[in-house]
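So the structure is just underneath, and the comments pick up after that.
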Amino acid sequence: MTQKRSILLVDDDAGIRESMQAILTLQGYQVDLASSGYEALELCAGRDYDLVLLDILMPGMDGVETLRRIMAQRPDARVIMITGMEGGTETQRAMEEGAEALFRKPLDVATFLPVLLP
């Protein structure tokens, strides 16, 4: 039996976490959830994820800082940013810090899913 691909989904909005977890689980992924950057870093310290989906705007440690710290620990990590924002300096910073892609919320599942994992 093959192991499911693992995704860490980080978003401070519980509704978004739950709906995205349901969609990704139906697609066959094993999904862990984090509601903050701090929680995400704790989970990343204990497990190698195939992919991290990371919201940009979160209270406390924002997504860009979380991304920077994840990349410092694991430079080969695949991180895709998600945001409700319309461009701006935070999205530019996320790409400069090593994000693989950026998607706007609400996510278009047909566009989003093919980029995740093989």
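Here are some notes:
- Think of a 1.4 Å ball rolled over the protein heavy atoms: the stretch 36-118 then has 51 Å² of accessible area per residue.
- Val115/Asp48 FRET efficiency (R0 25 Å; Cβ-Cβ; nearest 0.05): 0.80
- Accessible carbon and sulfur surface of the chain relative to its total accessible area, %, 1.4 Å: 53 percent
- Rel. contact order, % - alpha carbon contacts under 8 angstrom, at least six apart, the chain: 22 percent
- Inter-centroid distance (Cα atoms) of the stretch 1-36 relative to the stretch 43-118, Å: 14 Å
- Listed residues Arg104, Arg68, Arg47, most fluctuating in the chain (Gaussian network, C-alpha, under 10 Å): Arg47
- For Met58, the residues 5 or more places off, or on other chains, whose built amide H falls under 5 Å of its own are Gly63.
- Mean residue ellipticity, 222 nm, helices only, the chain: the sum of -39500 (n - 2.57) across DSSP H runs of n ≥ 4, divided by residue count and rounded to 500, is -11000 deg cm²/dmol.
- Modelled FRET efficiency - R0 25 Å, Leu57 with Ser6, Cβ distances, 0.05 increments: 0.55
The values are calculated or read from the model by the stated rules, or taken from the named source; none is laboratory data. The structure presented is a predicted model; accordingly, all values stated were derived computationally and were not measured. FYI the Cβ positions are ideal-geometry reconstructions off the backbone, even for glycines, and counts take in every protein chain you see. What goes into the accessible areas is simple: the full protein's heavy atoms, side chains included, and nothing from ligands, DNA or RNA. Shrake-Rupley method; radii C 1.70, N 1.55, O 1.52, S 1.80 Å.
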